[in-house]
Amino acid sequence: MDIAYGYEDNDAKTDTAAVRKLTNLVARYGDKFTFARLKGTYAKVLVFYL
């Protein structure tokens, strides 16, 4: 599963607790899970599951 997130060019509106939890999932399941921050994606979250 791939998750990309971002709202603006900075992290001012980012939920730091959610980012921390998702980062922990990457550390635990890195072979099945990726997580990335994209700049300027407007208000959306992209989730890809193949």
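The values are calculated or read from the model by the stated rules, or taken from the named source; none is laboratory data. The shown structure was predicted, so the numbers you read here are calculated from the model rather than taken from an experiment. For neighbour counting, all protein chains shown are included, and Cβ atoms are generated from backbone atoms with ideal geometry for every residue, glycine included.
Condition check ((1) surrounded by 10 or more Cβ atoms within 10 Å (Cβ to Cβ); (2) modelled with pLDDT of 85 or more) across all residues:
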{"residue": "3", "(1), (2)": "yes, no"}
{"residue": "9", "(1), (2)": "no, no"}
{"residue": "25", "(1), (2)": "yes, yes"}
{"residue": "38", "(1), (2)": "yes, no"}
{"residue": "41", "(1), (2)": "yes, no"}
{"residue": "46", "(1), (2)": "yes, no"}
{"residue": "50", "(1), (2)": "no, no"}
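For region 1-12, enumerate the residues that are farther than 14 Å from residue 38 by Cβ and of a type outside the set (Gly, Ala, Ser). 1 - this is the single residue of region 1-12 that is farther than 14 Å from residue 38 by Cβ and of a type outside the set (Gly, Ala, Ser).
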